[in-house]
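The values are calculated or read from the model by the stated rules, or taken from the named source; none is laboratory data. None of these values were measured; they are calculated from a predicted model. Cβ placement follows ideal geometry from the backbone for every residue including glycine, while neighbour counts extend to all protein chains displayed. Heavy atoms of the whole protein, side chains included, go into the accessibility calculation; ligands, DNA and RNA do not. Shrake-Rupley method; radii C 1.70, N 1.55, O 1.52, S 1.80 Å.
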Amino acid sequence: MRVDIWSDLVCPWCWIGKRRFEQALAGFPHGDQIEIVHHSFQLDPTMPTDRVVGQTAMLVATYGMTEAQARASQVAVERTAATVGLEYHLVDGFVGNTADAHRLVQLAGDRGIQDAVVERFYLAHFTQGRSLFDRECLVGLAGEAGLDADEARRVLVEGTYADVVDGDAHRARALGATGVPFFVVDSRYGVSGAQPPEIFTEALSHAWADIHPSEEGADQTVESSA
């Protein structure tokens, strides 16, 4: 069974949602038979490619918050991240255009190490303060995650996978996604947002029961469907 996950690499709820999904998967009896595929979704594809923006300033400009409200919101998210074992440093962080990073995630999918690259990028951005918006830094991070650095650099220079990144976003919207994280289980059951692990468990169980109706748990239901 397959689970498709749409996310943006600078979306704090996406890494939290990934961890909550993984908690559900760890307790799912058929977890070793689940294929995970990561997809690209830029929350703001109009972000500049030649500079970064302070995350606090972005929240103020985008949502009309005061600076104090923006910082309080970031601290609250940092505390939520800690509940699933993640260390976030949002208040003094920066954001930028994630198209290049998403293209390397697509390359990683073709090389069979997609999850490792996604994790490396999340850790770099949210915990270590390393840039996902500078190509040489991205190449270095990709190499640390197991990609060939020269191949990663060629992908960035040549624009490879740009059409795949755009196609991912179009497909997500066609499925009804208005934001990320967005999970689709077995091409039929959708879960939107960083839901608690039990919601993911319900989706996994329901989809599995559809495929294997004779197994126990076939009468379980899921609250959110694509």
> Between Ser187 and residues 5 or more places away or on another chain, which pairs have amide H atoms under 5 Å apart, with H built 1.01 Å from N, and which residues are they?
Replying inline: Asp4
>> Using a Förster radius of 25 Å, what is the FRET efficiency between Glu87 and Thr66 based on their Cβ-Cβ separation? Nearest 0.05, please.
In response: 0.45
> In what sequence, largest accessible area first, do Arg103, Arg173, Arg153 appear using a 1.4 Å probe?
Replying inline: Arg173, Arg153, Arg103
> Can you run phi through the Karplus equation (6.51, -1.76, 1.60; θ = phi - 60°) for segment 69-80 and list ³J(HN,Hα) in whole Hz, with x for Gly and Pro?
Replying inline: 5, 4, 5, 5, 5, 5, 5, 5, 5, 4, 5, 5
>> From the phi angles alone, apply the Karplus equation (6.51, -1.76, 1.60; θ = phi - 60°) to segment 125-130 and give each ³J(HN,Hα) in whole Hz, x where the residue is Gly or Pro.
In response: 6, 7, 10, 9, x, 8
> At a 1.4 Å probe radius, carbon and sulfur cover how many percent of the accessible area of the chain?
Replying inline: 50 percent
>> Skipping prolines and chain starts, which residues have an amide H placed within reach, meaning under 5 Å, of the one on Gln42, given they are 5 or more residues away or on another chain?
In response: none
>> Can you work out the Karplus-derived ³J(HN,Hα) for every residue in segment 94-99? Use 6.51 cos²θ - 1.76 cosθ + 1.60 with θ = phi - 60°, whole Hz, and x for glycine or proline.
In response: 10, 10, x, 6, 9, 4
>> Rounded to the nearest 10 Å², what accessible area does Arg135 have for a 1.4 Å probe in the complete protein model?
In response: 100 Å²
> Is segment 1-86 rounded, prolate or oblate when judged by the Cα gyration tensor, a ≥ b ≥ c being the square roots of its eigenvalues, rounded requiring a/c under 1.5 and prolate requiring a/b larger than b/c?
Replying inline: oblate
> So how do Cys137, Cys11 rank on accessible area, 1.4 Å probe, biggest first, that is with the largest at the start?
Replying inline: Cys137, Cys11
